[in-house]
Each structure stands twice: as structure tokens, then as C-alpha cells.
Amino acid sequence: MRVTQSMLSQNMLRNLSSSYNKMGKLQEQLNTGKKVNRPSDDPVVVMKSLGYGMQVNRVEQYQKNLGEVNNWLDSSDDAMDGVGQVLHRARELATNAANSGTVTANDREMIKIELEQLQEQLQDFANTKVGDKHIFSGKMTDKPLFDKNAGGYQSGASFKENVSIEVFDGVDLRVSTNASDLFNNINQLFTDIKNDTDDKYDFSAAIEEIDGLLDDVLMKRADIGARSNRAELMENRLMMQEGAAKKQRSENEDIDYEKTITDLITSESIHRATLSVGARIIQPSLTDFLR
Amino acid sequence: MRSTFMGLETSKRGLYTQQSALYTTGHNIGNANTPGYSRQRVNMQATSGFPGVGLNAGTVPGFLGTGVEAGSIQRIRDTFVDHQYRSEANKLGYWESRTKAIAQMEDVLGEPSEYGLQQSLSDFWQSLQTLASSPENGGARAVVVERGVAVADSFNYISKSIAEIKTNLGDEINVSAVNINSILGQITELNRQIADVEPNGYLPNDLYDARDGLLDQLSTYLPIEVSYEKTGGRAPAIAEGTVTIKIMTNDKPITVLQKNTFSNISINGKNETTGEMPKEITGFTCNGAPAGGAELSVADMKKSGELKSLVESYGYKETADGPVKGMYPDMLAKLDKMATAFATEFNKIHQGDPANGVYATDLDGKPGEEFFKVIDGTKPISASNIKVNENIISNPNKVAASTSKPVDSTDPTTNPEVGNGQNAQNLGNALFNKLAALGGSSVQGYFAQAIGQLGVAGQQAVKMAENSGTLLLSVSNRRDSISSVSLDEEMTDMIRFQQAYNASARMITVMDEALDKIINGMGTVGR
């Protein structure tokens, strides 16, 4: 084949531009850390990466949701713990009061005053807030369970509705604890004692009732504990999911730095070779040797 | 009897001919870098011997050579390689233009990235999940609204940008048609000049080169077939004659240029006064002789050349009432379908169905309104015609996050459940629900599929463009190997012709000396 200068320079131009192209692609990959930057680079990788990206986003969101779940459950448990302590103190007081031989009417009056304080503390527990939500108000999270204006506990159906938070695709976890009946009952008991004016209240019956209420509190706490366990389980699962999703995503679309840098160095040396070969081949022509 | 000065004449012819060869060498060197230039050669031929044939011819032993003349100056070119070159250029034209059109679409869609539609949908879903777990939080509501606006904006932006590029493609079709007509006009003019020159016995090499360059250009737009007609008169046997151009189609070829006439190509349905392009191309008409108004319909166009690729990107109809096809209209239709299906599903969940006991309630206990609305009330909801309800934008409390039974005038005692975020969760699911309007895909799945299809088409186009580019380069190399100027070769020729020139000059000196002998040295006996 007859070879001419213009062919040499055209071929060299083509080789240079293709090696520039290759290096440009590698540079882009190294800058972004991604194998693909447009669908036509590799449609399969891009389609998968859309799916994996969504998956990672979802897991991250579910983890945030789980944080909210823990907030609810921890605060509910703390509040219930407080309620239990109030009941224990009430039981002590009732035991003292029941001992009619040694307790004077004056003492009983003192006990009543303390009970009143306990009743108020109970109201505070019933109105426990997490952020701007009242956690014992069912779905009426903007309203306190104890209505200070009406001086009583709310009883609407919505106050008993459960609140759930999604912690995984289709998995809801109940975060509310329905304690309005419990609070109502305790309140009723305290009010009964307070309203006793003739000093003939049967405190031994009250002790029994308090024991029953303590059982209720324990049951609520057991329920909360069980749900906390589930949340913890879910947290572990989500962590594994996150790891798996991120790994899949990374394997799918991230570059292998060692490989890409090696490729870049290879392309660079090819590019240099192209340049120097071009410089050697194109320059000399017969013109240089004819005098 | 030969003449005394015949030797001088023979050498003079040598001088002249070698000089012509040297001039041609100079012309070649001068055009070494001219695109489309084919190297030229002087075809030297010995002049007829002495004596000439005839009854009363002189009697000398054998024919005596009378020197050399430049018979013709011919360009070195191989029409078969030209044919190959144009067929590859035609393929490259198609795939390059397609690659460009797909790359532009990819740029607009911007996937995969943190700014694409996919990301805004994903962000929207996240904000709805946050709202589901904190429905009483005004901030969470505001975020949902903002992310909803971002989704609508993404749809608007992508749809508008694609429509804009589609318009640009239409302009490009227009410009291509103008270019094609201009090339045809120039070739016709060259045909005319060649037909003028050739019968006088000349070879207009530079006109041939110009014409071949134009044919190369034309072949990137359309698949063409080229044939030649002799011009007659005293035209040399190697004269090329005038060119006839036919556009190849799936049906029968259309002759668009012959001798002195060519047909103007016009776009069917284009408004000639405003220059407005039809919404989709149905074909082209070749007006005037020799095509005589022949129709180049899109269905007949071969899948080759830049023009067809532009038409396929811009959008076309194979029959007047047939379906609209083409890459850009397809993507627009897909986006519209997706936006409509998503907005419909989302609105359905956001509004609930109180008649059947499915409630969607906002923070004030009122039933949810439409979340997504049309921008232009005269048209249905679509990717370019979607926005978030301005009532909801101005009051994010109107996001119907709850499924509680609403307060109304007849039932003022029911309270809206502020802590109920069930509907926000349902709204989030709108992205993943399998929708009949999308053929059973989810919005998310449908989009990923559209991106995937675009990617596959793009990958194919890039590969084909690369392949046909490589093939074109190798054909172009082959062509150059035949036609392009090698400086080394020209230098060698230069020395060849220079030496021959010098030698001819020396011959004249020798003749001079011989004649000197005759004139000055003879007949002086006894002087």
C-alpha cells in the first residue's frame, strides 16, 4: 500500500483523539468515583443503580423512622416507670393510713395532701411529650391527655387510637401505649380518697386496688419492652440491609481505583508513545535530505 | 529525408514535456494538504515516429523517434473506493447524528445523578415517610410540599427541555434540506461547466475533485447512487462526463439530478412563510425535473444517512393517520404517561374516597384537595402541565397526612387526629404501587425502564458510530493511498523530471555542437 504524509498525520490525529477520549473517560471515572455517568455507558449498570439508589434511600429513611420509634418507646417506658413509682408511694401512704390505730386524723389529712401532689404528678406523666407530641394521647398528639381546663382525662375514641410507624417495607410498629384507662382509674382512686370527708375510707381496699393498678403498669411496661425488643431486632436487620444495599450499589457502579489508575497510567504511556512516534515519523521527508 | 534540425525539435519536446511534468509536480506539492485533492500525473507519450505512414513516405531504415509529448493530465482516483467511502459516510452520518440526539436526551434526563427526576421522587418519598412518623410537625409538612414542587418542576423541566431539543432537531432537518439543495445546485453547476469543457478535449481535474467533494458531503445526508454520462464531442476517453444522482429508497430510486437540472427537496407540511416545521415528518417532495414531484416518504427512506436519523429523532408518521413514532416524541409520551399516572394515583390517595369510608384528612380535619393540578386548565395533566396545588403551597396544613374521619358541619364533635400519619405513608406508596395506567409497573419502575431503553439505544448508537467511523477511516486511508500526495514521491519525481529536463537540454548542446561542425567546420577545404 502506498502511504502518504496525509495518511500518517490523519492516522496519528485519530490515534491521539482516541487516546485523549480514553483518558477523558478515565479522568471522569476517577473524579466521580463511578463507572458510569450516562445511560449509554452501560444501560444495565445504570438501571440497576437507579434501583439500588432507591433501596439505599429507603433503608436510610427506615432507620430515621426507627429513631422516632425508639424516642416514643423510651419516653413511654420512662413515664410508666414514673407512674409505677407514684403508685408505690401511694401504696405506702395507704398502708400507713389503713393502720387506724396509730394514725391520727391529722396524719390522714397530711396523707391526703401528699396524694393530691401525686395526683398532679400523674397528670404530668399523662401529658408526657416527645418533641411536640403528647405520646399518651393516641392519635390526638397535639392535645394533652389530661385536660387542665376541664380538670379531667380525655376520653374521645381518637385518644385511644394506636399510632404506628413504618420501619420496613410493609412492617409497621405500634409506638403508642394506650394508657388513658389506666390514668383514668388511678385518677378515680385518688379522687375517691380525696373526696372522703367523714374519715371512714377503707384504705385496705385501696391497697388492693393499687396492687391491681401496679400490675397494669407492669403489663404496659412489658408491652413496651417487647416492642423495644422488636425495634432493636429491626434495627439490626436494617443495619444489615443497609450494608447489603450499599455494597450492592458500590459493586454495581463504583470504580475499582487500583484498576482505573493502572488503566490511566497505561493509557498515558500509550498516549506518550503515540506522540513521540508521530513526532519521529512525520518530520523527516525526502525534502530534508535533498540538497 | 529527415530535416537538419529534427534533433533540436525532439529535444525541445523533451524539455517542454519534462517541464509540464515538473509544473504538475509543483501543483501536487502545492495541494498536498488540500482536502479532496487527487494527485495528478502527466501521461507522457512518444510522438509518432518518422516517417509517417503513407505511399510517398520517405525511406529511412525503421521508424525514427520524434520525442515526447504530454498526452493528458489525469487525476489518480478509484471510483470503486469512492463508492465504498460514500456508503460508509452515509452510515456514519446516521449513527453520529443518532448518538448526538441520544446524548442530548441523556444530558437532559441527567440520570444517574443527584439532580435527576429519580432523585426528586426519592426525596419526595422520604419527606412523606418523615411526615408519616411526625404528622403534627409543620416543618415536615413544608418539606413535603417543597419536595412535591421539586417533583413537578423536574417533570416540567425535563419535558420542556426535550421539547426544545426536538424543535432544534426540526431546525436541523430544515438546514439539512437547505444544504442538500445547495449541494445539488453546486453539482449541477459543475456538471454544466464540465459539459462545456470536456468536448474541447480537456480534462477538468479540479472540477472533478470539487464535484467528488460535494458528492461525499451529500452522501452523509442521504444514501445516493451515482452514475455518469459521457459528454461527447472531442472528449478524451478518460473524461468522466456529467453525473446523475439517485436517492436510494426502499422502493425505487428517485433521480434528483441529471445533467443541467436538479430537483429541490422540500419538507412536507412545512409552513413556507413562517418556516414552522410540521409536528411530525411524513416525508419530502422532490420538486421539478428530473424527479418531477416524486415523493420521498419516511416509510420509503432507507435507514441510513443523517437526514433519516434526524427524522427518526424528531418524530415521524409513516402514513398520514398512522401513529406518531420517533425517539423524542416517544420519550415525551412516556414522561406524560408517567406524570399523569403518578399525579392521578397521588391525588386519589390524597383526596380519599369519603363515600366509601376511605378518608384522607388534613391537619384541620378537612378532606384533602387535589395535590397535583394542571397549569393550563384547558389541557389534561401531563409532564409539562403539572404543578402543586397553590392552596397547599400557601398552607402546608392542607397536606392530607391522616386517615381520620373528617370534621364537617354536621359532625363538629369529631376531632381531626393530628398524630395520624397513615395517609402520608399511603401517599409515599404511590411511587411503588403497581399502576394499570403504566401497564402494571410502578412509577419508579417505569422510569427506570425508560432510562434503560434509552441507554440501550445509546450504547448501540455509540458502538455503531465508532464502528462506521473506523471503517470510514480505513476506506479513507485506502482512498488516500491512491489519491493523496506523497511529498517523498513528488520529490523523487521532481529529481526524475529535473534530470530528464537537464538531459534534454544537454541534447540540445550536443545538437548545437554537431550543427556547429556542419556550419562552421564544413566546406572550408583549402582555406
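Shape summary: region B:139-248 maps onto an equivalent ellipsoid whose semi-axes, from the alpha-carbon gyration tensor, are 57, 10, 9 Å in decreasing order. The HN-Hα couplings worked out from phi for region B:51-57 by the Karplus form 6.51 cos²θ - 1.76 cosθ + 1.60 (θ = phi - 60°) are x, x, 6, x, 5, 9, 5 Hz, whole numbers, x standing for Gly and Pro. Amide H contacts of residue B:296 (H built 1.01 Å from N, in plane; Pro and chain starts excluded): B:284, B:285, B:286 sit under 5 Å, all sequence-distant by 5 or more or on other chains.
Return the ratio Rg/(2.2 N^0.38 Å) for region A:232-291, where Rg is computed over Cα atoms only. Each step should come with its number before you reach the end.
Details: Rg = 26.3 Å, N = 60, 2.2 N^0.38 = 10.4 Å.
Cα-based Rg divided by the globular estimate yields 2.52.
Once the chain from residue A:25 to residue A:99 is taken as fully extended at 0.36 nm per residue, the excess over their C-alpha distance is 17.7 nm.
Please report the projected area of region B:425-518's Cα convex hull averaged over all directions, in nm². If you can, show how the numbers build up before the last one.
Values: hull surface 45.3 nm².
In nm², the orientation-averaged hull projection of region B:425-518 is 11.3.
Using heavy atoms of the protein chains and a probe of 1.4 Å, the accessible area assigned to residue B:231 is about 40 Å².
Relative to the compact globular guide of 2.2 N^0.38 Å, what is the alpha carbon radius of gyration of chain B, as a ratio?
Numbers: Rg = 39.1 Å, N = 527, 2.2 N^0.38 = 23.8 Å.
Expressed relative to 2.2 N^0.38 Å, the Cα Rg reads 1.64.
Chains B and A: buried accessible surface, both sides, probe 1.4 Å, rounded to 100 Å²? Mind dumping the intermediate values first?
Working: alone 26250 and 17850 Å², together 39650 Å².
Separately minus together, B and A give about 4500 Å² buried.
Taking every full run of DSSP H in chain A, none both stretches at least 20 Å from end to end by Cα along its long axis and averages 1.6 or higher on the Kyte-Doolittle scale. Scanning residues 5 or more positions from residue B:373 or on other chains, those with amide H under 5 Å from its amide H are B:387, B:388, B:389, with H placed 1.01 Å from N in the peptide plane. The simple spin-label model puts a point 7 Å past each Cα toward its Cβ; for residue A:222 and residue A:132 those points are separated by 3.8 nm.
Can you tell me, using C-alpha contacts under 8 Å and at least 6 residues apart, the relative contact order of region A:149-291 as a whole percent?
Rounded, it is 16 percent for region A:149-291.
Apply the Kirkwood formula to chain A: the hydrodynamic radius equals the inverse of the mean of 1/r over all pairs of different alpha-carbon atoms; give it in Å with one decimal. The Cα-based Kirkwood calculation yields 25.9 Å. Modelled label positions at residue A:148 and residue B:56, each set 7 Å beyond Cα in the direction of Cβ, lie 14.7 nm from each other.
On full extension of the chain, what length is gained from residue B:514 through residue B:3, given 0.36 nm per residue of separation minus the C-alpha to C-alpha distance?
On the way: separation 511, 0.36 × 511 = 183.96 nm, distance 1.38 nm.
The span from residue B:514 to residue B:3 would gain 182.6 nm if fully extended.
Diffusion coefficient of region B:75-195 by Stokes-Einstein, Kirkwood radius over Cα pairs, 10 °C, 1.306 mPa s: 82 µm²/s. Here residue B:268 and residue A:250 are evaluated by their C-beta separation; at R0 = 45 Å the FRET efficiency comes out at 0.30. Residues of region A:1-17 buried by at least 20 Å² of accessible area upon assembly of all protein chains, compared with the chain on its own (1.4 Å probe): A:1, A:2, A:4, A:5, A:6, A:7, A:10, A:11, A:14.
Among the protein heavy atoms, those of residue B:27 account for about 70 Å² of accessible surface (1.4 Å probe, every chain in place). Reported to the nearest whole Å, the Cα centre-to-centre distance from region B:496-522 to region A:136-212 is 135. The figure for residue A:237 is an accessible area of roughly 120 square angstrom, using a 1.4 Å probe on the protein chains alone. Between amide H atoms placed 1.01 Å from N, distances below 5 Å from residue A:34 occur with A:255, all of them 5 or more places distant or on a separate chain.
Determine how many Å³ per residue the convex hull of the Cα atoms of region B:359-490 encloses. Before the final figure, lay out each step's value.
Values: hull volume 29.7 nm³, N = 132.
Normalising the Cα hull of region B:359-490 by residue number yields 225 Å³.
Can you give the FRET efficiency for residue A:211 and residue A:239, using 1/(1 + (r/R0)^6), R0 = 56 Å, r = Cβ-Cβ distance, to the nearest 0.05?
On the way: r = 42 Å, r/R0 = 0.74.
Using R0 = 56 Å, I get an efficiency of 0.85.
Where the alpha-carbon atoms of the protein assembly as shown are placed on the principal axes, they occupy 191, 58, 33 Å, in descending order.
Hey, can you find the accessible area per residue of region B:283-360 for me, probe 1.4 Å, expressed in square angstrom?
Details: 3020 Å² over 78 residues.
That works out to 39 Å² for each residue.
Quote the charge dipole size of region A:188-266 about the Cα centre in Debye, to the nearest 20; the model charges only the Cβ of Lys and Arg (+1) and of Asp and Glu (-1). Intermediate values should be presented prior to the final figure.
On the way: 11 positive and 20 negative charges, 109 e Å.
Roughly 520 debye, rounded to the nearest 20.
Here's the picture: charge each Lys and Arg Cβ at +1 and each Asp and Glu Cβ at -1 in the protein assembly as shown, and of B:436, B:83, B:57 the one pushed furthest to the positive end of that dipole is B:57. What share of Cα pairs, in percent, lie more than 22 angstrom apart in region A:6-139? Taking all Cα-Cα pairs of region A:6-139, the fraction more than 22 Å apart is 69 percent. Accessible-area loss of 50 Å² or more (1.4 Å probe, protein heavy atoms, chain alone versus all protein chains) is found in region B:123-163 for B:125, B:126, B:129, B:133, B:136.
Each residue of region B:474-486 was assigned a 3J(HN,Hα) from its phi angle through the Karplus expression (A = 6.51, B = -1.76, C = 1.60, θ = phi - 60°), giving 6, 5, 5, 5, 4, 5, 5, 4, 8, 9, 7, 7, 9 Hz with x at Gly and Pro. Contact order, relative form, for chain B: 20 percent (alpha carbon pairs under 8 Å, 6 or more residues apart, mean separation divided by residue count).
Between residue B:279 and residue B:250, the modelled labels are 2.3 nm apart [label points 7 Å from Cα along Cα→Cβ]. Between the listed residues B:406, B:422, B:42, the Cα displaced farthest toward the positive end of the dipole of chain B, a dipole computed from Cβ unit charges relative to the Cα centre, is found at B:42. On the basis of the beta-carbon distance and an R0 of 56 Å, residue B:164 and residue B:80 show a calculated FRET efficiency of 0.80.
Give me Rg/Rg_expected for region A:146-291, where Rg uses Cα atoms only and Rg_expected = 2.2 N^0.38 Å with N residues. Don't skip to the end; give the middle numbers.
Working: Rg = 38.6 Å, N = 146, 2.2 N^0.38 = 14.6 Å.
So the Cα radius of gyration is 2.64 times the expected 2.2 N^0.38 Å.
In region B:285-378, the alpha-carbon atoms span a convex hull of 169 Å³ per residue. Summed over the residues of region B:420-493 and divided among them, the accessible surface reaches 36 Å² per residue at a probe radius of 1.4 Å.
For region B:77-135, which semi-axes, largest first and in whole Å, follow from the square roots of 5 times the eigenvalues of its Cα gyration tensor? Show your work: numbers first, answer last.
Details: eigenvalues 548, 7, 6 Å².
After diagonalising the Cα gyration tensor, the semi-axes are 52, 6, 5 Å.
Think of each Lys and Arg Cβ as +1 and each Asp and Glu Cβ as -1; about the Cα centre, that makes the dipole of region A:1-66 roughly 100 debye. The spacing between region B:419-461 and region B:104-122, judged by their C-alpha centroids, is 14 Å.
Starting from 0.36 nm per residue, how many nanometres of slack lie between residue A:194 and residue A:257 once their C-alpha separation is accounted for?
Values: separation 63, 0.36 × 63 = 22.68 nm, distance 7.62 nm.
Length gained, residue A:194 through residue A:257: 15.1 nm.
Place +1 on the Cβ of every Lys and Arg and -1 on the Cβ of every Asp and Glu in chain A, take the dipole about the Cα centre, and give the residue among A:72, A:270, A:136 whose Cα lies farthest towards its positive end. Positive-most Cα among the choices belongs to A:270. Using Cβ point charges alone (K and R +1, D and E -1), the dipole size of chain B about the Cα centre works out to roughly 1800 debye.
Computing the accessible area with a 1.4 Å probe over protein heavy atoms, can you report the carbon and sulfur percentage for the protein assembly as shown?
Details: 20650 of 39650 Å².
Whole-percent figure for carbon plus sulfur exposure: 52.
Hey, can you list the residues from region B:441-464 whose accessible area shrinks by 40 Å² or more with all protein chains present, relative to the chain by itself (probe 1.4 Å, no ligands or nucleic acids)? At a threshold of 40 Å² (probe 1.4 Å), the residues of region B:441-464 that become less exposed are B:448, B:451, B:459. Normalised per residue, the accessible area of region A:1-152 is 48 Å², obtained with a 1.4 Å probe and no contribution from ligands, DNA or RNA.
The values are calculated or read from the model by the stated rules, or taken from the named source; none is laboratory data. Keep in mind that what you see is a predicted model, and the values were worked out from it rather than measured. Cβ sites come from the backbone with ideal geometry, for glycine too, and all protein chains shown count toward neighbours. For accessibility, only protein heavy atoms count, side chains too; no ligands or nucleic acids. Shrake-Rupley method; radii C 1.70, N 1.55, O 1.52, S 1.80 Å.
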